Amino acid sequence: MRKWISYPHREGTISRQAHADFPAEAIYEREVGRSGFFGPATHLHHKHPPTGWSAWEGPLRPRAFDLNELPHGTPAPWDAPLVLHNAQCKLRIWRCDKAMIQLFRNADGDDLLFIHAGSGELFCDYGHLSYRDGDYILVPRSTSWRIEPASPTTMLLVETSNGAYQLPEKGLVGPHAIFDEAVLEVPAIDDAFKAQQTEDEWQVVIKRRGALSTVTYPYNPLDAIGWHGNLSVARVNWRDIRPLMSHRYHLPPSAHTTFVADGFVICTFVPRPIESDPGALKVPFYHNNDDYDEVIFYHAGDFFSRDNIKPGMLTFHPAGFTHGPHPKAFAKAMTDPKKFTDEVAVMIDARDALEQGPGLASVEWQGYVDSWKPKV
């Protein structure tokens, strides 16, 4: 892995290093980049905050939604409210407090279940797996599964339509960075799995091209007695993630990539020490990210770059405008920065534009676009 040395153009008053040691007269750095932090980029130094707008008209504005306020208690994942979507990616929020009475099989693509709250048991073609809050559960396409919540369960469902989830290349830091694949857990053919293999009638609901079909069996089709291979449901918890860090440089969100799919990536922000070098930026940098729509689902903790955001909320920044930390967070980072973050959040960066699902407007925080205005 190597690249030719390049000599970027420099103009006017600048810092020698991105995200560090800003010139005193222009402390607001803005990154204009392509390909979601992987492509060419330029860093501009501004006298005023790039998000210091006084008014906003038109549909591109940043949005925040309180998903806690969406309808509760849909009995099955295929009825869960659609939050955002495009041809490659569908996000739903699902709350379930009772055992599923039918199996679900998604023939349109892999599903990723992020457990926001609750605990319980998952049964699938491959066996039995317990789950808890903070788990990612990767369900390969056309896997039959169901859950039995031990406590009311809320999960973010992220479908990669007509695609599959993979792990990112970790490059110079090696394959064991961020999390070692040895921490991945798969279902077991255990006593709990065997106990549910009854001769009672069961139905499998199959989603294909968005339409539902129901197949009835005179027995429970989750009746495997064993399996071998390298395709399976798999689980990893955010607590297993050991984030990349630099005490002298604020790493871009792409350093926290957890899963890669066709047309989008999923990143996980977990607690970590904040940069300690006096000249290093200590909050996310202002950036355009003009090739991707950015979505963040807030799971737990204190979200140090945002005001008035709580767990269960979701922010949506369409590609095409500058965004970054709120004024109070930026000011505090410059004068009295925290030593440690305790936030946990899931970020989805989508290459193609995302559309809002029906009913999402009813839970939008209309004042979010004004939250970057300087407090007077």
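One table, with the values for the structure above:
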{"item": "Per-residue HN-Hα couplings for the stretch 307-319 [Karplus 6.51, -1.76, 1.60; θ = phi - 60°; Hz; x = Gly/Pro]", "result": "9, 6, 10, 10, x, x, 8, 9, 10, 9, 10, x, 4"}
{"item": "Contact order normalised by residue count of the stretch 116-177, Cα under 8 Å, 6+ apart, percent", "result": "36"}
{"item": "Dipole of the chain, positive direction: furthest Cα of Leu354, Pro49, Pro253, with charges on the beta-carbon", "result": "Pro49"}
{"item": "Farthest positive-ward along the chain dipole, Cα basis, beta-carbon charges - from Ser161, His9, Pro59", "result": "His9"}
{"item": "CD proxy at 222 nm, helix term only [per DSSP H run n ≥ 4: -39500 (n - 2.57); per residue of the chain; nearest 500]", "result": "-1000 deg cm²/dmol"}
{"item": "Over the stretch 191-243, relative contact order from alpha-carbon pairs under 8 Å, at least 6 apart, %", "result": "31"}
{"item": "Paramagnetic label zone (point 7 Å from Cα along Cα-to-C-beta, Trp4; backbone N under 16 Å) in the stretch 33-53", "result": "40"}
{"item": "Lys, Arg +1 and Asp, Glu -1 on Cβ, resulting dipole of the chain about Cα centre, debye, nearest 20", "result": "1100"}
{"item": "Mean Cα-pair separation over length for the chain, i.e. relative contact order, pairs under 8 Å, 6 or more apart, %", "result": "21"}
{"item": "Sites excluded, chymotrypsin sites (Phe, Trp or Tyr not before Pro) in DSSP loops with at most 14 other C-beta within 10 Å, longest stretch of the chain", "result": "57-218"}
{"item": "³J(HN,Hα) computed for each position of the stretch 273-286 - Karplus, 6.51 cos²θ - 1.76 cosθ + 1.60, integer Hz, glycine/proline x", "result": "x, 7, 3, 9, 4, x, x, 7, 5, 10, 9, x, 7, 4"}
{"item": "Surface per residue (accessible, 1.4 Å probe) for the stretch 53-194, Å²", "result": "41"}
{"item": "DSSP bridge orientation in the chain - percent antiparallel, rounded to nearest 5", "result": "95"}
{"item": "From the coordinates shown, semi-axes √(5λ) of the Cα gyration tensor in Å corresponds to which of (i) 59, 18, 17; (ii) 28, 25, 20; (iii) 40, 22, 18", "result": "(iii)"}
{"item": "The chain - percent of accessible surface contributed by carbon and sulfur, probe 1.4 Å", "result": "53"}
{"item": "Residue-wise HN-Hα coupling along the stretch 67-78, computed from phi with Karplus coefficients 6.51, -1.76, 1.60 (Hz; x: Gly, Pro)", "result": "5, 4, 8, 6, x, 9, x, 5, x, 9, x, 6"}
{"item": "Summed residue charge, Cβ within 10 Å of Pro325's Cβ, Lys/Arg positive, Asp/Glu negative", "result": "+3"}
{"item": "Check: the stretch 178-235 dipole with +1 on Lys, Arg Cβ and -1 on Asp, Glu Cβ, in debye", "result": "460"}
{"item": "Ellipsoid equivalent to the stretch 116-167 - semi-axes via the Cα gyration tensor, in Å", "result": "20, 14, 9"}
{"item": "Fluctuation leader among Thr268, Thr143, Thr335 - the chain, Gaussian network, Cα springs under 10 angstrom", "result": "Thr335"}
{"item": "Within the stretch 256-376: Cβ-based charge dipole about Cα centre, in debye rounded to nearest 20 (Lys, Arg +1; Asp, Glu -1)", "result": "620"}
{"item": "Those trypsin sites (Lys or Arg not before Pro) in the stretch 1-74 that DSSP places in a loop and that have at most 13 other beta carbons within 10 Å", "result": "Arg2, Lys3, Arg10, Arg16, Lys47"}
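The values are calculated or read from the model by the stated rules, or taken from the named source; none is laboratory data. Note that the structure is a prediction, hence the values are computed from the model and not measured. Heads up, the Cβs are rebuilt from the backbone with ideal geometry, glycines too, and the neighbour counts pull from every protein chain shown. Remember, those area values only see protein heavy atoms, side chains included, never the ligands or the DNA or RNA. Shrake-Rupley method; radii C 1.70, N 1.55, O 1.52, S 1.80 Å.
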